[in-house]
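**Q** Quick one: the structure is below, questions incoming.
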Amino acid sequence: MDRSLDQLAHRLLIQCSPAQVNVAADIAAAHDGGLVITGDSPEPIVSKLRARGFTGPVLCDANRYSGPHRVNARRGLRPAWCRRQHELGLIAVTDSGYLELGDWDSLRSILYTAAWQRGPVIAMLPLAARWLFHREDVDHMARELDAHGVPVAIALEHSGDPFGARYVVRHFLRLLRKVSVPVLVLRSDVSAIGALCHGAHAAAIGTTSTLRHLYPARSYRGGRPTTVSVFVKELLSYHRLDTCEAVFALAPETGHFWLCNCAVCGGNTLARLRTAENPRAVALRHSLHSQFLTYRQVVDRRYAREQLASVWHNTCSTALAAHRRIAEHASSWRVPDHLRRWCSVTDDPLRHYRETLLPNAAPPLPASPTPEPRSRGNAHRSRPDVGLGPGPERNRVPMSPGRRTTPRTSTDAPPSTDCRGTSRSSP
């Protein structure tokens, strides 16, 4: 592995737009994180970052693969894009187009071209989630990645949260176990922390809904969201501010779920963010700080992978239990799919050790909260002029007393064909 990639090892990154770079850099610096700048003009942005004293790792995502006018991977790569990043002293990320399901030729072309670039290069792989549906295709992809020996950054296209699909969680973790090259995850949310716990080299959380997801072109969700959503640390999920306020009013006994000790909230409830002069900007800063606190609580670089997987599994289990408690008071409350999948697909690898060698030990709990890091410069100052805040992934209808009555619908309906176009049974 190229030694320059060491600076990214186990890091949580913030994927942001150029307009959000300043606030993202302050928060990343406060938590020893890094940045993924999304856009095709990185030179002035990177120069300003270095002039401001930001020393963390920076990656540049050309973002040719998303949106209604996205570029197909068959269009190939532009070597000049990698040269521009190298001239800035960065690890280059290829400007790959979107990889349609089963387009193995384009996948190999991206890997081959990246392997022959001068300087450190990461091959960007924007994949349809169904690339991961069949175990055989995942194993074949792992062989291709290792054959070319190039680090890769993966973004998964899905109409919702790709990690809310059982086959994605199961087979993405299989891919991480099979490959020897570093694998990064871009355009994600809190599942980025789960990926780090299971062996991803680095992972990025997005500042907006469109930077936390790669939506299909036909359902691209551009534009400014009409509601403000925030990350709730105790629930490991995003929720609308008005939903948080409604549930707290309906069930005060769940109030401790809405308290936050990040640098923005200072131990207050999230409902307080609605009274800010610019709720969207404050919600963005809160959500990033809060996810980094979760990361610091879960990811200890001294831990072996089994220990990290154990802590992540139990953190998800605790959040899932919190959701179910809220659902007892709010009938329309829906438990996020990604928590269900992480809890059902993974297990605590240390459970047998505890049950056999430590039979009297207390039940496993997530790691104790890590104190908020000290401010570095202007890292914790409010910036009311910050850009777009998080998208409304968890837009819920008003709550009412009673038991939950909303039926679950599966997000895991199997496709009729595999990556090569032949019918197969689901995993």
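**Q** I'm trying to understand the selection: among the residues of the range 1-42, which are more than 15 Å from Val93 (Cβ to Cβ), touching a strand residue (DSSP E or B) at 6+ places or on another chain (Cβ under 9 Å) and assigned to a helix (DSSP H, G or I)?
**A** Passing the criteria: Pro18, Gln20, Val21, Val23, Ala24, Ala25, Ile27, Ala28.
**Q** Would you mention how many residues in the range 100-115 are in a loop (DSSP other than H, G, I, E, B) and among the aliphatic types (A, V, I, L, M)?
**A** Of the residues in the range 100-115, 1 are in a loop (DSSP other than H, G, I, E, B) and among the aliphatic types (A, V, I, L, M).
**Q** Still on this structure: Considering the range 306-332 alone, what residues qualify as being over 27 Å from Phe248 (Cα atoms) and aliphatic (A, V, I, L, M)?
**A** Those that are over 27 Å from Phe248 (Cα atoms) and aliphatic (A, V, I, L, M): Leu308, Ala309, Val311.
**Q** Considering each of Gly266, Gly194 in turn, give the residue that is at pLDDT 95 or above and small (Gly, Ala, Ser).
**A** Testing whether each residue is at pLDDT 95 or above and small (Gly, Ala, Ser) leaves just Gly194.
**Q** Here's another thing I want to ask about it. Are there any pairs with C-beta distances below 6 angstrom linking a residue in the range 266-294 that is under 25 Å from Ser191 (Cβ atoms) to a residue that is of a type in the set (Phe, Trp, Tyr), with the two at least 6 apart or on different chains, and if so which?
**A** Leu270/Trp258; Ser287/Phe231; Ser290/Phe231; Gln291/Phe231
**Q** Now for a separate question. Would it be correct to say that His148 is surrounded by fewer than 24 Cβ atoms within 10 Å (Cβ to Cβ), in the same structural domain as Ala9 (by TED's automatic domain parsing) and out of contact with any Leu (no Cβ under 7 Å at 6 or more places or on another chain)?
**A** No, not satisfied.
**Q** Please go through the range 98-119 and pick out each residue that is surrounded by 17 or more Cβ atoms within 10 Å (Cβ to Cβ) and among the hydrophobic types (A, V, I, L, M, F, W, C).
**A** Matches in the range 98-119: Leu99, Leu101, Leu107, Ile110, Leu111, Ala114.
**Q** Give me the residue from the range 84-98 that is touching a residue at least 12 places away in the same chain (Cβ under 8 Å) and more than 25 Å from the chain's Cα centre (by Cα) and, out of that set, farthest from Leu8 (Cα to Cα).
**A** Going through the qualifying residues, I end up with Arg84.
**Q** Next up: Hey, can you tell me all the residues within the range 55-97 that are surrounded by fewer than 23 Cβ atoms within 10 Å (Cβ to Cβ) and among the basic types (Lys, Arg)?
**A** Once the filter is applied, which keeps residues that are surrounded by fewer than 23 Cβ atoms within 10 Å (Cβ to Cβ) and among the basic types (Lys, Arg), the range 55-97 yields Arg70, Arg74, Arg75, Arg78, Arg83, Arg84.
**Q** For the list (1) part of a helix (DSSP H, G or I); (2) touching a helix residue (DSSP H, G or I) at 6+ places or on another chain (Cβ under 6 Å); (3) within 26 Å of Gly194 (Cβ to Cβ); (4) not basic (Lys, Arg), I need the number of the one condition that Ile45 fails.
**A** So Ile45 meets the others, but not (3).
**Q** Hey, another quick one. When you look at Ser229, is it at pLDDT below 95 and buried (at least 22 other Cβ atoms within 10 Å of the Cβ), yes or no?
**A** yes
**Q** Assess whether Ser41 counts as being hydroxyl-bearing (Ser, Thr, Tyr) and in contact (Cβ under 8 Å) with a residue 24 or more places away in the chain.
**A** Against the criterion (hydroxyl-bearing (Ser, Thr, Tyr) and in contact (Cβ under 8 Å) with a residue 24 or more places away in the chain), Ser41 does not qualify.
**Q** Restricting to the range 157-170, and then to whatever is surrounded by 23 or more Cβ atoms within 10 Å (Cβ to Cβ) and of a type outside the set (Phe, Trp, Tyr), can you tell me which residue is nearest to Cys60 (Cα to Cα)?
**A** It comes out as Glu157.
**Q** Of all residues in the range 147-206, which are among the β-branched types (Val, Ile, Thr) and under 15 Å from the mean Cα position of the chain (by Cα)?
**A** Ile154, Val168, Val169, Val183, Val185, Val190, Ile193, Ile205
**Q** State whether the residues of the range 240-263 include one that is buried (at least 23 other Cβ atoms within 10 Å of the Cβ), assigned to a strand (DSSP E or B) and in contact with a Gly (Cβ under 7 Å, 6 or more places away or on another chain).
**A** no
**Q** Do any residues in the range 101-130 that are closer than 13 Å to Val150 by Cβ and at pLDDT below 95 have Cβ atoms under 6 Å from those of residues that are of a type in the set (A, V, I, L, M, F, W, C) and in a helix (DSSP H, G or I), where the two are at least six apart or on different chains, and which pairs are they?
**A** Pairs found: Gln117/Cys82.
**Q** Find the residue count for the range 274-312, including only residues that are out of contact with any Phe, Trp or Tyr (no Cβ under 7 Å at 6 or more places or on another chain), assigned to a helix (DSSP H, G or I) and not charged (D, E, K, R).
**A** 20
**Q** Against the condition within 30 Å of Thr113 (Cβ to Cβ), modelled with pLDDT of 95 or more and β-branched (Val, Ile, Thr), how does Ile205 come out, does it pass?
**A** Considered against the rule, which asks whether it is within 30 Å of Thr113 (Cβ to Cβ), modelled with pLDDT of 95 or more and β-branched (Val, Ile, Thr), Ile205 comes out as yes.
**Q** Answer yes or no as to whether Glu393 is over 30 Å from Phe54 (Cα atoms), modelled with pLDDT under 50, surrounded by 15 or more Cβ atoms within 10 Å (Cβ to Cβ) and not assigned by TED's automatic domain parsing to the domain that holds Gly53.
**A** Yes, satisfied.
**Q** Within the bounds of the range 209-223, is there any residue that is among the charged types (D, E, K, R), assigned by TED's automatic domain parsing to the domain that holds Ala128 and at pLDDT 90 or above?
**A** Yes; the residues of the range 209-223 include at least one that is among the charged types (D, E, K, R), assigned by TED's automatic domain parsing to the domain that holds Ala128 and at pLDDT 90 or above.
The values are calculated or read from the model by the stated rules, or taken from the named source; none is laboratory data. Please read all numbers here as calculations on a predicted model, not as lab measurements. Positions of Cβ are backbone-derived with ideal geometry, glycine not excepted, and every protein chain shown enters the neighbour counts.
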